[in-house]
Each structure stands twice: as C-alpha cells, then as structure tokens.
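Chemist: Sharing a structure, written as structure tokens. Questions coming.
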Amino acid sequence: MRIIDLRGEKLSRAELLAAMPRAEMGTSEAGDLVRPILEDVKARGAAALRDFGEKFDGVRPVNLRVPAEAMSAALSTLDPEVRAAIEESVRRARAVAANQVPKDFYTDLAAGARVAERWVPIQRVGLYVPGGKAVYPSSVIMNAVPAQAAGVESLAIATPPSKGDPDGLPNKTILATCAILGVDEVYAVGGAQAIAMFAYGAKGSEPQDGEVLCDPVDKITGPGNIFVATAKSLVSAFVGIDAVAGPTEIGIIADETANPSLVAADLIGQAEHDELAGSVLFTDSTELADKVQESLNYRVPRTEHAERVRTSLSGKQSAIVLTDGLDQSIDAANAYAAEHLEIQTADAKAVVPRIKNAGAIFRGAYSPVPLGDYMSGSNHVLPTGGTARFAAGLGVHTFMKPVEVIEYDEEGLKAIAARINAFAVSEDLPAHGECVLSRFIDDPYNKETIVEQEEKAGLR
C-alpha cells in the first residue's frame with residue numbers, strides 16, 4: 001500500500017480533504033451509456049428489459065417477475081445453516097429497525113395554535129440488490145427490513161438474473177431471503193435497466209408479463225455498480241433515491257496497541273469487494289504501519305480473490321496515512337468520511353464522540369466491518385466517497401417522510417393576524433396578508449383605514 005505522510009504538515013481543511021485517497025469514477029462515460037438504456041426501457045418496457053438481460057447478463061429471462069413458486073422452491077432447498085444465519089440477521093435487523101421508527105409530535109405555541117409533525121411511509125419503493133462479483137442476500141435484508149418497519153405499502157425488489165439458471169431466475173439464496181422476508185414482488189432485472197423499470201414502470205411484452213409488468217415507484221434504494229449509480233442519479237429529478245453510491249471503503253484509526261494482523265485482515269476484507277474498493281489506515285505508529293505491510297504481504301497471496309485484493313490495495317484509493325498523533329488521525333479520518341470506520345486504539349470509547357463523519361463506526365478489535373455487513377443489526381447500505389460528511393446510511397427514516405400539520409383556531413390566528421399582514425406587505429406580497437385579514441375585517445382592500453379596521457377587529 002502506498003504511504004501518505006501527513007506528519008509535520010499544517011493543512012487547511014481544503015488541503016486535508018484533497019489529500020485523502022479516492023477512487024476515480026468515470027461517471028461522464030457511464031452517463032453516455034446509461035441514458036439510451038433508460039430511454040429504451042421507458043419506451044419499450046419488458047421487451048427492452050429482456051434484450052438488456054440477454055446483452056449484459058447473458059440470459060433472457062422467461063419470467064421477468066419471479067414466480068412465487070420459484071421463491072418457495074428456493075427456500076425449501078436452502079442450506080439449513082445458511083437459513084439459520086439469514087433468519088438471525090433478519091431478527092437483529094428488525095429489532096434495531098423497530099427502535100428507529102420516528103415518533104409523531106406536536107408543539108402548542110399559544111392558545112389555539114398547534115403545529116404537529118406526522119411521519120408518513122413512502123407508498124411504493126423499489127429496492128435494488130446487486131449481483132456482480134458476489135451474491136448479496138444481506139442487501140435484501142438491509143433494504144427490505146427498514147422499509148417494512150417504516151410501513152411501506154408496496155415493496156418491489158430487482159436483482160440480476162443468474163447466468164447459470166436456464167430460466168434466467170436470480171440467485172436462489174437471494175430468492176430464499178425474499179421468501180423469508182415475505183417479499184413477493186421480485187424481478188429478474190439488473191443494472192441500469194432495473195433502475196429505469198422502477199422509475200418509469202414497464203409495460204408487458206409477453207403473455208406472462210400481463211399488460212403492466214411493473215408499476216413505477218416513489219423511491220429507489222440499494223447499492224450497485226457505476227451504471228446503477230449513474231442511472232439513479234439521472235432519474236433522481238422525478239423519483240426519490242437514497243444516494244448515488246460509489247465503491248465501498250474502509251477507514252481504520254489504529255495506534256501502537258492495535259494488532260497488525262487484524263488490521264491487515266480488515267483492509268483485505270474490504271478490498272475483496274472490488275478493484276476500486278478503498279482501504280485506508282490512519283496511524284501515528286510507523287512500527288504498526290510496517291507490520292501491517294508485512295502482514296499484507298503474507299495474507300494477500302493466500303486469500304481467495306488475491307488479484308482483486310492486490311489491485312484494490314495498490315490503487316490510488318487505498319493508502320496508509322501516517323500522522324503526528326491520534327488528534328491528526330481523527331482529523332484525517334473525519335476528512336476521509338469513511339463508509340465504514342473502525343477504531344482500534346487504546347481507548348476506542350473516547351475516540352467515538354470525536355468522529356463527526358462516518359457512515360458507521362465499528363468500535364474496538366471485536367467489531368470488524370463484516371459484523372455490520374451481516375449480523376450486527378445495523379444497516380450496511382452506507383454513504384461512500386466522502387458523502388458521510390453530510391449523508392446517513394439506510395434506515396427506517398429513508399422510507400418515511402415528515403409532514404407538518406398546522407392547526408390554528410380563530411383565537412390562535414387572530415393573535416398574530418396583524419403581524420402576518422405586516423410581514424407579507426414587507427415582502428411585497430399583500431394578498432398573503434389579505435388572506436388572513438379577510439377572516440376578521442370587512443374590507444382588507446381599504447388601505448386608508450386598514451389600521452383602524454385592525455384595531456376595531458381586535459387585531460392590534
């Protein structure tokens with residue numbers, strides 16, 4: 001891994017942000033490829049989806065919407081140990097999600113003057129579950145559980161068809177997970193075309209599709225590759241999205257007390273995802289940095305996806321950042337704003353409150369990132385590419401929207417009617433004031449006597 005040496009440097013915030021390692025994303029090139037896909041699906045619906053499935057996934061699905069019996073069959077043949085793991089993951093995620101549901105509230109400002117806030121579930125959502133280099137039943141859980149806890153009425157999942165399946169069905173473990181969760185609207189559609197299907201809806205093209213294959217959704221969530229991310233960005237003007245996700249990443253703050261072998265294992269674990277995955281270590285210990293490098297040299301050739309890991313760790317998005325001390329390590333980690341941030345220091349508990357920017361924080365040597373990926377109860381759909389400076393991970397709140405309810409009676413409005421009118425006139429919006437005054441005085445257009453009328457009506 002390359003070294004970024006911040007020792008002895010007094011960097012401005014802008015310089016510190018610029019010094020952080022990042023993956024290069026070819027978003028403009030991806031946009032040129034994705035736009036025609038979106039337009040084709042919008043125009044031709046299911047016919048285009050089948051064509052793109054054949055082109056990009058090497059299979060032409062017979063049923064774009066997965067039959068219920070296929071999900072039941074997948075569940076019946078699921079390895080019992082894997083099923084137990086999935087069910088435990090669901091149980092823990094549901095326990096956390098239940099506590100995330102925001103509470104309605106109201107504020108009484110004066111007699112007859114109340115503002116309330118209701119949290120309303122989004123009506124229909126589309127959840128994207130990626131394929132690619134791995135299979136992600138965990139992403140089914142991370143998307144579906146908070147949506148269900150939020151009370152979403154209509155929930156659809158899209159995931160790529162499996163090349164090894166003669167009918168073009170998705171991976172059986174993913175289908176079994178959908179069955180465990182009670183999600184019955186699942187589509188064998190991947191990539192940018194799945195995002196188009198969710199955004200625009202899709203008309204059927206074969207008898208098994210029906211007249212309408214898929215209705216449009218109100219919000220799309222879930223991670224994906226650069227083409228999925230670009231498609232989400234392009235449709236975000238008229239359908240909600242959770243985020244435009246980039247490659248996955250880990251940051252680790254470690255000091256001389258950390259175990260270099262465990263640090264190396266955690267860096268490799270994230271690098272296994274993708275050649276563009278970012279793995280960054282922040283440390284003030286050159287001895288630890290050297291031992292981590294030694295451990296990487298031993299571990300990388302022996303791991304299953306050695307070439308992918310090597311490419312990721314040697315890329316410009318990965319680095320060991322050397323600092324003058326823990327304070328600078330924390331400053332650098334806040335600038336990096338990692339999707340996943342591990343803290344392996346002598347007093348990790350004291351470091352946590354000082355972290356302002358991270359998708360999720362993993363405190364201590366026994367809280368590695370894969371714990372959050374699968375079974376901690378937290379959500380693993382998190383902000384990437386530094387967006388944790390202003391964005392949060394997926395949760396129940398993602399699938400709900402706050403709606404304010406304003407309720408004033410005659411007394412409550414009368415008490416502030418004159419002030420509302422004064423405010424409105426100052427903004428050169430007199431009709432705004434007239435809306436209010438008309439409820440209490442006979443002629444709000446009689447400007448010469450408006451003050452007298454307000455006084456007579458008891459507005460002053």
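The values are calculated or read from the model by the stated rules, or taken from the named source; none is laboratory data. Note that the structure is predicted; figures quoted are calculated from it, not measured. Neighbour counts run over all protein chains shown; Cβ positions are idealised from the backbone, glycine included.
Chemist: Would you mind finding the one in A199, A179 that is under 18 Å from the mean Cα position of the chain (by Cα) and touching a residue at least 60 places away in the same chain (Cβ under 8 Å)? Write out each step before concluding.
Modeler: Details: A179 fails: under 18 Å from the mean Cα position of the chain (by Cα).
It is A199.
Chemist: Regarding the range 18-34, can at least one residue be identified that is in contact with a helix residue (DSSP H, G or I) (Cβ under 9 Å, 6 or more places away or on another chain), hydroxyl-bearing (S, T, Y) and either part of a loop (DSSP other than H, G, I, E, B) or within 30 Å of P207 (Cβ to Cβ) (or both)?
Modeler: Within the range 18-34 (the criterion being in contact with a helix residue (DSSP H, G or I) (Cβ under 9 Å, 6 or more places away or on another chain), hydroxyl-bearing (S, T, Y) and either part of a loop (DSSP other than H, G, I, E, B) or within 30 Å of P207 (Cβ to Cβ) (or both)), the answer is no, since none of the residues qualifies.
Chemist: Here is a follow-up. For the range 387-442: of the residues being among the acidic types (D, E) and out of contact with any Gly (no Cβ under 9 Å at 6 or more places or on another chain), which is nearest to A229 (Cα to Cα)?
Modeler: Going residue by residue through the range 387-442, those that are among the acidic types (D, E) are 404, 407, 409-411, 427-428, 434, 442.
Within this subset, residues satisfying the condition of being out of contact with any Gly (no Cβ under 9 Å at 6 or more places or on another chain) are 404, 427-428, 434, 442.
On the way: E404: 32, E427: 42, D428: 44, E434: 48, D442: 58 Å.
That would be E404.
Chemist: A431 - would you say it is over 20 Å from the mean Cα position of the chain (by Cα), surrounded by 19 or more Cβ atoms within 10 Å (Cβ to Cβ) and small (G, A, S)? Walk me through how you get there before you give the answer.
Modeler: Working: over 20 Å from the mean Cα position of the chain (by Cα): yes; surrounded by 19 or more Cβ atoms within 10 Å (Cβ to Cβ): no; small (G, A, S): yes.
No.
Chemist: Taking the stated definitions as given, is E69 in a helix (DSSP H, G or I) and either in contact with a strand residue (DSSP E or B) (Cβ under 8 Å, 6 or more places away or on another chain) or exposed (fewer than 12 other Cβ atoms within 10 Å of the Cβ) (or both)? It would help to see each step written out before you state the result.
Modeler: Values: in a helix (DSSP H, G or I): yes; either in contact with a strand residue (DSSP E or B) (Cβ under 8 Å, 6 or more places away or on another chain) or exposed (fewer than 12 other Cβ atoms within 10 Å of the Cβ) (or both): yes.
Judged against the criteria, E69 is a match.
Chemist: Right, here's the next one. Name the helices (runs of 4 or more DSSP H) wholly inside the range 170-242 in which the number of residues that are modelled with pLDDT of 95 or more and under 13 Å from V66 (Cβ atoms) is 3 or more. Let's see the steps before the verdict.
Modeler: Working: elements: 172-181, 191-200, 226-235.
Output list reads 172-181.
Rundown of residues vs (1) without any contact (Cβ under 8 Å) to a residue 40 or more places away in the chain; (2) in a loop (DSSP other than H, G, I, E, B); (3) surrounded by fewer than 16 Cβ atoms within 10 Å (Cβ to Cβ), yes/no style:
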| site | (1), (2), (3) |
| --- | --- |
| K356 | yes, yes, yes |
| L371 | yes, no, yes |
| S376 | no, yes, no |
| G412 | no, no, no |
| I420 | yes, no, no |
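Chemist: Can you name every residue in the range 132-170 that is surrounded by fewer than 21 Cβ atoms within 10 Å (Cβ to Cβ), touching a helix residue (DSSP H, G or I) at 6+ places or on another chain (Cβ under 8 Å) and under 24 Å from E304 (Cα atoms)?
Modeler: Once the filter is applied, which keeps residues that are surrounded by fewer than 21 Cβ atoms within 10 Å (Cβ to Cβ), touching a helix residue (DSSP H, G or I) at 6+ places or on another chain (Cβ under 8 Å) and under 24 Å from E304 (Cα atoms), the range 132-170 yields K133, V135, K163.
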